[in-house]
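Note sheet for the following structure.
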Amino acid sequence: SGPTNNTLHYSTVTGGEATFQINGNRFTLTYTGFTNRGQAEIYVDGALYATVNQYNSTLAWQRTWTSGILPGATPHTIRIVHKSGTYIDIDAITVHAP
């Protein structure tokens, strides 16, 4: 239990964001679920792709959400935006090769 490799990055500011590029056709977001967590919007190549609800009624380390197969060629630009809640976090990103 606990953060992956003892790392964890989080936002406490609605509208805060992280942007990165991946060379793969899908990815997995690992995060922490808890009562003070909110929603994270996932953008792929500038378009809203999904909203991940990080709320959980109890502390839950290393929860995951995996994208579907991403359209178009790589690299893809991924942007994760703090939409709601006191916190959202990014524990790890795993990129899956085609």
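Taken over the alpha carbons of the stretch 43-98 as equal point scatterers, the Debye sum produces base-10 log I(q)/I(0) values at 0.19 Å⁻¹ of -0.81.
Counting charges near residue 6 (Lys, Arg +1; Asp, Glu -1) among other residues having Cβ under 15 Å from its Cβ returns a value of -2. Under the simplified labelling scheme, the residue 43-residue 69 pair shows an inter-label distance of 2.6 nm, with each label point 7 Å from Cα along Cα→Cβ.
Computed from phi, the 3J(HN,Hα) profile of the stretch 82-87 under the Karplus parametrisation 6.51, -1.76, 1.60 (θ = phi - 60°) reads 6, 8, 7, x, 5, 9 Hz, with x in place of Gly and Pro. For the chain, modelled as a GNM whose springs connect Cα atoms under 10 angstrom apart, the maximal fluctuation among 79, 37, 63 occurs at 63. Placing a label point 7 Å from the Cα of residue 56 along the Cα-to-Cβ direction, the residues of the stretch 25-50 whose backbone N falls under 20 Å from that point are 27-42. Against the compact-protein benchmark of 2.2 N^0.38 Å, the Cα-based radius of gyration of the chain scales to 1.03.
In the elastic network of the chain, a GNM with C-alpha springs shorter than 10 Å, the most mobile of 78, 69, 88 is 69.
Read-outs throughout are calculated quantities, based only on the coordinates presented, and are distinct from any laboratory measurement. Everything numeric in this text was worked out from a predicted model, so none of it was measured. Don't worry about glycine lacking a Cβ; one is built from the backbone with ideal geometry, like all the others, and counts go over all protein chains shown.
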